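What follows is one structure encoded as C-alpha cells, with my remarks underneath.
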Amino acid sequence: MYKLKNTYIDNLIDKQVSKSELAFILYIARFQDDYGTVHSVYYKDVCDMISISIQKFYDILNSLSKKGLIFYEKDNPADFRVHLNGNNFEKQNFDKGYINVVEKDFFSESFASIKVGSQLLYLYSQRFIEGKHMLLQKFYDDFCKLFHVKKKTLQLYVQELKEKKYLFISKKRNKAYHYEMTMKRSLCLDKKDYPGREKEWYTENIKKLIIHNFKHYIDPTDEKDKKALRHLAAMAETKRALETRDFPKKLIRAVRESFMIQKAEHKKVLQLNAALVNKCFTGYLALI
C-alpha cells in the first residue's frame with residue numbers, strides 16, 4: 001500500500017520535518033502494508049538510498065518518533081519495524097485523498113535540490129486535481145499559517161517550484177481590482193514505469209526482512225534461495241496471511257524454527273527451506 005494520506009502530509013507540514021526526515025518517510029512508505037507498517041527498515045538500505053550517515057538514521061528515527069509521526073520497534077536483530085501513525089488503509093477508505101509515492105520521482109537530483117518547504121508544498125498541491133483558485137492574499141494568509149512561515153519564505157517556495165516546473169501558478173486582477181491566483185499541480189515528476197501491483201513492494205520488503213535477519217544462512221544470489229524467498233514472500237498475499245494478525249512477525253518466527261529443526265537434525269548445511277517454513281508456520285498458527 002504505497003500511499004500517503006493527505007492528512008499524513010498535513011502532519012508532516014505541521015511538524016516541520018527536515019529534508020532528511022521527509023526523504024526517509026517517502027522512501028519507507030513504498031513498502032508499507034495496509035496498516036501503515038513497514039516490517040523491515042534496515043539502516044544500510046536507508047543510508048544508501050537517501051545519502052545519510054548511520055548516526056543520522058538513528059537521529060531521524062528518534063526525531064520522527066518524538067514528533068508523533070512514526071512508532072518503531074526493534075523486533076529483530078537486524079532491522080526495525082516502523083509504523084506510520086495515522087496512515088492506516090485497513091478499511092480501504094480513500095475519501096480524504098492520498099498521494100501515490102512510487103508514482104513520483106522523489107529521488108531525482110532536481111527534487112532533492114529544492115528546499116524541504118518547497119517539497120512539502122509540492123506534496124500538498126497534489127490534492128488539487130482540478131487546480132486551486134483563490135484570492136492571492138488569502139493564499140498567503142492561509143499557507144503562511146499552514147507552513148508556519150513568513151510571506152517572504154513562502155514566496156521562495158513558490159518561486160522554486162515554478163522554476164522547476166513543479167507547480168503552475170497564474171495571477172490576474174479581477175473586476176474589483178483584487179489579485180487572484182490559480183495553482184495547478186504539475187505532472188513532471190510522474191513516472192511511467194512504477195509497478196502495477198501494490199503488493200510487489202510489500203512482498204519485496206518481506207524478502208528483505210528474511211534476508212537481513214538470516215544473512216548467515218541465506219545467499220540472495222543463489223537460485224535455490226531466491227526461489228525459496230519468492231515462495232515465502234508470496235505467502236504474504238494469501239488469504240491465510242491476510243487473516244493472520246502481524247503475519248511477517250510470525251513468518252520470521254517460523255523461519256527461525258525451521259533452521260533450529262535443521263540444526264537438531266545435524267544438517268551439515270542449513271538452507272532456507274520454504275516447505276519446512278510453511279509447515280512450521282501452519283503448526284504455529286494451530287497453537288494460537
Going from most exposed to least, what order do 259, 168 have by accessible area with a 1.4 Å probe?
-> 168, 259
Where does helix 199-213 land angle-wise versus the long Cα axis of the chain, in degrees 0 to 90, nearest 10?
-> 50 degrees
With R₀ set to 25 angstrom, the calculated FRET efficiency between the beta-carbons of residue 74 and residue 15, to the nearest 0.05, is 0.60
Heavy-atom accessible area per residue, segment 176-288, 1.4 Å probe: how many Å²?
-> 63 Å²
Tilt of helix 19-28 relative to the longest C-alpha principal axis of the chain, in degrees (0 to 90, nearest 10)?
-> 50 degrees
In a Gaussian network model of the chain with springs linking alpha carbons closer than 10 Å, the residue among 199, 172, 250 that fluctuates most is 172
Under 12 Å Cα to Cα from residue 151, which aspartates and glutamates show up? Leave out anything in the same chain fewer than 8 places away.
-> 141, 142
Principal-axis tilt of helix 116-125 within the chain, Cα atoms, nearest 10 degrees | 90 degrees
Picking from 124, 58, 35, which is most flexible by a Gaussian network model of the chain using Cα springs under 10 Å?
-> 58
In the structure shown, do any of 44/215; 208/249; 115/199; 19/150 have a Cα-Cα gap over 25 Å, and if so which?
-> 115/199
Which distance in Å, rounded to a whole number, links the C-alpha centroids of segment 59-100 and segment 152-229?
-> 17 Å
Approximate spin-label separation residue 263-residue 141, in nm, with each point projected 7 Å along Cα-to-Cβ | 6.8 nm
Length gained if residue 224 through residue 170 is fully extended, taking 0.36 nm per residue and subtracting the Cα-Cα distance, is 13.6 nm
Taking springs between alpha-carbon atoms closer than 10 angstrom, which of 213, 11, 174 fluctuates most in the Gaussian network model of the chain?
-> 174
So how exposed is residue 214, as accessible area in Å² (1.4 Å probe, rounded to 10)?
-> 10 Å²
What's the local net charge at residue 156, with K and R +1, D and E -1, over the other residues with C-beta under 12 Å away?
-> +3
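Applying 1/(1 + (r/R0)^6) with R0 = 35 Å to the Cβ-Cβ distance of residue 67 and residue 234, what FRET efficiency is obtained, to the nearest 0.05?
Values: r = 36 Å, r/R0 = 1.02.
So the FRET efficiency works out to roughly 0.45.
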Would you calculate a helix-derived [θ] at 222 nm for the chain, using -39,500 (n - 2.57) for each DSSP H run of n ≥ 4 and dividing by the full residue count, to the nearest 500?
-> -15000 deg cm²/dmol
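So if R0 is 35 Å, what FRET efficiency would residue 204 and residue 133 give, r being the distance between their Cβ atoms, rounded to the nearest 0.05? If you can, show how the numbers build up before the last one.
Details: r = 41 Å, r/R0 = 1.17.
It comes to 0.30.
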Ignoring ligands and nucleic acids, what accessible area does residue 71 show with a 1.4 Å probe (Å², nearest 10)?
-> 110 Å²
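The values are calculated or read from the model by the stated rules, or taken from the named source; none is laboratory data. Note that this is a predicted model, so its numbers are computed, not measured. For neighbour counting, all protein chains shown are included, and Cβ atoms are generated from backbone atoms with ideal geometry for every residue, glycine included. When the accessible area is computed, the model is the full protein with side chains, heavy atoms only, and any ligands, DNA or RNA have been set aside. Shrake-Rupley method; radii C 1.70, N 1.55, O 1.52, S 1.80 Å.
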